[in-house]
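What follows is a short report on a single structure.
The values are calculated or read from the model by the stated rules, or taken from the named source; none is laboratory data. Remember, it's a predicted structure, so these values are computed and weren't measured experimentally. Here the Cβ is made from the backbone with ideal geometry for all residues, glycine too, and neighbour counts use every protein chain on show. Heavy atoms of the whole protein, side chains included, go into the accessibility calculation; ligands, DNA and RNA do not. Shrake-Rupley method; radii C 1.70, N 1.55, O 1.52, S 1.80 Å.
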Amino acid sequence: MITGMTGFGACEVSLGKVKGIVEIKTVNHRYLDVAFYLPVGFSSLEDKIQKIIASHINRGRITVSVKITERPHTNIVLNQEAVKQYLDFAKSIGQKHHIKNDITVADIMRLPGVVEAKEVFVQAGELWPALEKSLHKAMIGVVTMRRREGKALSTDVNDQLKRMMAQIKVIKGRISTLLKDSKAKMTPEEFSSYQKSNDINEELARLAHYIDEARMLLKQTDGSGKKLDFIAQEMQRETNTIGSKVQDKEVAAAVIALKSKVEKIREQSNNVE
């Protein structure tokens, strides 16, 4: 069964006091194109994430977002060396100038360099094992959604192919009538020339073959989108040839209907992986 290219998957990631969420979104695109939205310091993981994506998906524009929602609080660090130096200076000043040394803890805390607040950054390497598992789980959601879309696309394309076969039947019937009527009105030489100029058996046979090929593609899982687009282009070419060879209103109407179906198949091929 073919696979679509629209999907979404999400999974929480947790390691100790660090919590986050992984989100993966995919839409249609001619090639595999991955965009990353990662926390500061996580760019080194892009290659690893890309390999996980590529193991599940062949085509599409993929957006990978990793957000850290909870992390350890800011670390407060006391500079013991600075405290010692300040106390030594205070003691020295008090002794030298006979001043009472009444410095308090609050006074020391306010002095420059005594207390430092250090922001805690999540380390990419430490979080990677948990993040890797979450990425795989999120990809399960993406793939499941893309398969559901593929099933819907397959149903629609099969319906278009069925309608094309109906139009081919109309064209064959009309050609048979035209030949029969013309034979009764024309000389053998005129009818022979008319028959050759309106001979579209080859085009109809190829068109029917492409329809069979398209049906076979809909049962495949990998790389069907580009092949389906190519087949639709060939269908369009054969349909145009039929329209140019046979100058008849009923055939022209059937050709227009065929073109409409082929165009819808081409549009849907852009949504197939």
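Could you please find all residues in region 115-132 being over 21 Å from S14 (Cβ atoms), open to solvent by less than 100 Å² (accessible area, probe 1.4 Å) and not aliphatic (A, V, I, L, M)? Correct list: E116 only. Of the listed requirements (1) out of contact with any strand residue (DSSP E or B) (no Cβ under 7 Å at 6 or more places or on another chain); (2) closer than 30 Å to T3 by Cβ, L153 misses just one: (1). Set side by side, the residues E12, E46 differ, and just one is surrounded by fewer than 16 Cβ atoms within 10 Å (Cβ to Cβ) and not in a strand (DSSP E or B), which is E46. Screening S192 with (1) surrounded by 15 or more Cβ atoms within 10 Å (Cβ to Cβ); (2) at pLDDT below 95 gives one miss only, at (1).
Residue-wise test of (1) open to solvent by 70 Å² or more (accessible area, probe 1.4 Å); (2) farther than 19 Å from R266 by Cβ; (3) not in a helix (DSSP H, G or I).
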| position | (1), (2), (3) |
| --- | --- |
| K172 | yes, yes, no |
| Y210 | no, no, no |
| D222 | yes, yes, yes |
| F230 | yes, no, no |
| Q233 | yes, no, no |
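In the set (1) assigned to a helix (DSSP H, G or I); (2) of a type outside the set (K, R); (3) open to solvent by 100 Å² or more (accessible area, probe 1.4 Å), I76 fails one condition alone, (1).
Among the residues that make up region 93-114, is at least one of them touching a Ser or Thr at 6+ places or on another chain (Cβ under 9 Å), open to solvent by less than 60 Å² (accessible area, probe 1.4 Å), part of a helix (DSSP H, G or I) and of a type in the set (A, V, I, L, M, F, W, C)? Among the residues of region 93-114, not one is touching a Ser or Thr at 6+ places or on another chain (Cβ under 9 Å), open to solvent by less than 60 Å² (accessible area, probe 1.4 Å), part of a helix (DSSP H, G or I) and of a type in the set (A, V, I, L, M, F, W, C), which makes the answer no. Of all residues in region 49-71, those that are among the charged types (D, E, K, R) and surrounded by 15 or more Cβ atoms within 10 Å (Cβ to Cβ) total 3. If you go through region 4-14 and pick out every residue that is in contact with an Asp or Glu (Cβ under 7 Å, 6 or more places away or on another chain) and either free of Cβ contacts under 8 Å to residues at least 60 places away in the same chain or more than 30 Å from K219 (Cβ to Cβ) (or both), you end up with 1.
For region 66-87, indicate whether the set of residues that are under 30 Å from G223 (Cβ atoms), touching a Ser or Thr at 6+ places or on another chain (Cβ under 7 Å) and of a type outside the set (G, A, S) is non-empty. Explain how you work it out, then say what you get.
Step one: filter region 66-87 for residues under 30 Å from G223 (Cβ atoms), giving 66.
Retained after the next criterion (residues that are touching a Ser or Thr at 6+ places or on another chain (Cβ under 7 Å)): none.
The answer is no, given that none of the residues of region 66-87 is under 30 Å from G223 (Cβ atoms), touching a Ser or Thr at 6+ places or on another chain (Cβ under 7 Å) and of a type outside the set (G, A, S).
Checking each residue in region 77-124 for being in contact (Cβ under 8 Å) with a residue 60 or more places away in the chain and touching a helix residue (DSSP H, G or I) at 6+ places or on another chain (Cβ under 9 Å) picks out only A124.
Selection over region 233-247 of residues that are in contact with a helix residue (DSSP H, G or I) (Cβ under 6 Å, 6 or more places away or on another chain) and closer than 20 Å to V170 by Cα gives a count of 7. For R30, the conditions (1) under 20 Å from G225 (Cβ atoms); (2) open to solvent by less than 80 Å² (accessible area, probe 1.4 Å); (3) part of a loop (DSSP other than H, G, I, E, B) all hold with the exception of (2).
Going through (1) within 13 Å of the chain's Cα centre (by Cα); (2) more than 15 Å from V142 (Cα to Cα) one by one, E46 falls short only on (1). Pairing residues of region 134-150 that are over 10 Å from C11 (Cα atoms) with residues that are assigned to a helix (DSSP H, G or I) and open to solvent by 10 Å² or more (accessible area, probe 1.4 Å), at Cβ distances under 8 Å and at least 6 apart in sequence or on separate chains, gives V142/H56; V143/H56.
Are any of the residues in region 154-161 more than 24 Å from A208 (Cα to Cα) and either of a type in the set (S, T, N, Q) or modelled with pLDDT of 95 or more (or both)?
Going residue by residue through region 154-161, those that are more than 24 Å from A208 (Cα to Cα) are none.
No, there is no match, as no residue in region 154-161 is more than 24 Å from A208 (Cα to Cα) and either of a type in the set (S, T, N, Q) or modelled with pLDDT of 95 or more (or both).
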